[in-house]
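The values are calculated or read from the model by the stated rules, or taken from the named source; none is laboratory data. Just so it is clear, the model here is predicted, and its values are computed rather than measured. So basically every Cβ, Gly included, is an ideal-geometry build from the backbone, and we count neighbours across all protein chains shown. Areas reflect the complete protein model, heavy atoms only, side chains present, ligands, DNA and RNA absent. Shrake-Rupley method; radii C 1.70, N 1.55, O 1.52, S 1.80 Å.
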Amino acid sequence: MTASLPATLPPVDVSDPGAATTVALLTLGCARNDVDSEELAARLESGGFRLVDDAENAETVVVNTCGFVEAAKKDSVDALLEASELKGAGTTRAVVAVGCMAERYGNELGDSLPEADAVLGFDAYPDIADRLRGILAGETQTSHMPRDRRALLPVTPVDRSAASAPSLPGHAQSAPDLPAGIAPASGPRAMRRRLGSGPMAPLKLASGCDRRCTFCAIPSFRGSFVSRRPTDVLDEARWLADQGVRELFLVSENSTSYGKDLGDLRLLETLLPELAAVDGVHRVRVSYLQPAEMRPGLVAAIASTPGVADYFDLSFQHASAPVLRRMRRFGDAKRFLGLLKQIRAESPSAGARSNVIVGFPGETEDDLQTLCDFLSAARLDAVGVFGYSDEDGTEAVGLNGHHDDDEIRARTEHVSRLVEELTTQRAEDRLGERLDVLLESVTGDRGEGCAACQGPEVDGSTTVRELPDGARIGDLVSAVVVATSGVDLVASAAKQ
């Protein structure tokens with residue numbers, strides 16, 4: 001940490017209209033954090049701040065941190081330290097931590113990282129502009145005090161809609177007098193200001209999680225599961241389409257639970273065709289599906305609804321029944337393969353991806369082989385492989401059978417090598433397949449983007465050759481796969 005930084009900021013007269021009020025947002029972590037940053041951007045812009053892309057040109061740098069696993073937390077700390085090094089060297093006067101790591105650790109993070117001028121939790125989001133102005137005026141901000149956010153709402157999901165909800169990032173509604181460019185000013189709509197211009201944008205379905213997986217701390221700092229109302233989701237989808245978005249990437253901690261707190265667990269099945277029908281939207285993609293909560297109607301809705309990507313982001317985590325029980329999860333290799341068979345009966349070319357944890361406490365060599373056998377049979381398009389690490393406050397920390405770091409590393413490398421081979425083979429299976437690619441970049445007669453079987457940023461991509469004249473970013477182009485490079489596909493635009 002940098003010891004030479006000033007302990008306090010010289011005050012700025014922020015009431016002066018000429019005073020600098022520039023702010024840069026740095027976002028780490030998942031697509032849900034991207035949505036949260038766009039809410040913060042809207043709040044800050046409506047509060048008189050001017051957003052800039054480069055932290056070096058910002059008076060205040062807000063770092064939206066990730067608190068999921070150890071590597072992500074390290075990246076967040078590094079980003080805060082890097083931003084802090086800008087103080088005193090130019091424009092930057094303050095660095096503020098927000099997001100999951102700030103919510104999870106609060107004052108502990110503030111004490112260990114004095115380079116950050118404030119550590120603010122989710123409940124500070126509605127007042128973020130005033131908080132930053134106070135910091136610039138020399139006020140000391142008390143660091144957020146962490147608490148288990150699951151305790152802030154009723155245990156029973158259907159009772160939550162009548163409860164006074166805590167601040168839920170990505171759920172905020174705007175006032176009708178916001179500046180142009182912030183989600184629509186024609187009534188109470190999502191508080192959001194796009195920070196990018198690509199043709200894909202995440203759209204939050206819900207926040208929080210009611211599951212109690214022994215390895216995961218997310219529910220404790222994201223809270224209980226709360227669905228956004230369908231009208232709010234649809235209104236934001238229409239606004240995003242007006243902003244040039246052509247693919248809606250539906251995100252949450254658990255999309256299969258959508259609607260359970262609104263009294264209709266099958267609400268996603270009815271919402272998907274409505275989202276796909278939004279004028280200007282070419283494709284809707286669902287992420288974060290829990291295998292144990294999948295149902296035939298949802299499989300059919302994703303696999304066969306026009307305009308919905310036949311793409312299944314299934315959170316298997318493992319395939320050995322004993323390991324899954326220690327994780328407080330359900331299923332086994334046989335059931336998971338049965339689910340994939342059901343999906344491919346509906347759509348033979350459907351994309352499927354998952355994440356797995358290797359080296360979980362008590363995982364035996366037989367358990368590891370069960371996982372490898374499952375992955376070999378599953379024909380997944382993409383797999384994220386994570387070595388187990390203890391997470392503060394989780395039940396898994398106290399389980400017996402912990403492996404040492406070297407063993408976890410060796411198992412992770414073994415599974416990663418297998419996955420690389422398997423996903424390369426799966427890509428080769430798609431040779432000759434016709435698919436639709438959403439173009440995210442175009443150079444001459446070539447373009448790059450994602451097919452329905454490829455999730456944005458986390459999976460492979462498709463390069464399209466011989467694009468038709470006039471092809472533009474955001475177009476959905478039909479193409480035939482002619483080559484592969486690892487998990488990436490190369491395709492030639494189909495002749496009209």
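Just a few scattered comments:
- Prolate/oblate/rounded label for segment 39-100 (Cα gyration tensor, a/c 1.5): oblate
- What separates the Cα centres of segment 97-122 and segment 260-338 is a distance of 34 Å.
- Read-out Cα extents along the principal axes in Å, derived from the coordinates shown; its label in [x] 64, 61, 46; [y] 63, 62, 49; [z] 84, 46, 46: [x]
- Cα gyration tensor, segment 355-401 - rounded (a/c under 1.5), prolate or oblate: oblate
- Cα-based shape type of segment 95-176, given that a ≥ b ≥ c are square roots of the gyration tensor eigenvalues and the cut on a/c is 1.5: oblate
- Note on SER376 and ARG409: the model spin-label points, each 7 Å out from Cα along the C-beta direction, lie 2.7 nm apart.
- Average accessible surface area per residue within the chain, 1.4 Å rolling probe, Å²: 41
- Hits among aspartates and glutamates - C-alpha to C-alpha of LYS334 under 17 Å, sequence gap 8 or more where chains match: GLU293, ASP366, ASP367, ASP373
- Expressed as a whole percent, the accessible area of segment 71-148 that falls on carbon and sulfur atoms is 46 (1.4 Å probe).
- Against the criterion of solvent-accessible heavy-atom surface with a 1.4 angstrom probe, VAL158, VAL490, VAL481 sort, most first, into VAL158, VAL490, VAL481.
- Cysteines in the chain that, by Cβ-Cβ distance, have no pairing candidate under 4.7 Å: CYS30, CYS66, CYS100, CYS209, CYS372, CYS450, CYS453
- Segment VAL458-SER478, length gained on full extension (0.36 nm per residue, minus Cα span): 5.0 nm
- Loop-resident sites, segment 209-264, for trypsin sites (Lys or Arg not before Pro), counting at most 14 other Cβ within 10 Å (DSSP): ARG212
- Reachable lysines from LYS495, criterion Cα separation under 25 angstrom, eight or more residues apart if same chain: none
- Calculated [222 nm] ellipticity per residue, helices only, for the chain: -9000 deg cm²/dmol; basis is -39500 (n - 2.57) per DSSP H run with n ≥ 4, divided by all residues, nearest 500.
- For segment 361-496, carbon and sulfur atoms together expose 45% of the accessible surface, with a 1.4 angstrom probe and every protein chain in place.
- Here the accessible area is traced with a 1.4 Å probe on the protein chains. For segment 292-340, carbon and sulfur cover 59 percent of it.
- Lysines whose Cα lies under 20 Å from that of LYS204, excluding same-chain neighbours fewer than 8 positions away: LYS260
- With a simple spin-label model that places each label point 7 Å from the Cα along the Cα-to-Cβ direction, the separation between SER441 and ASP242 comes to 3.1 nm.
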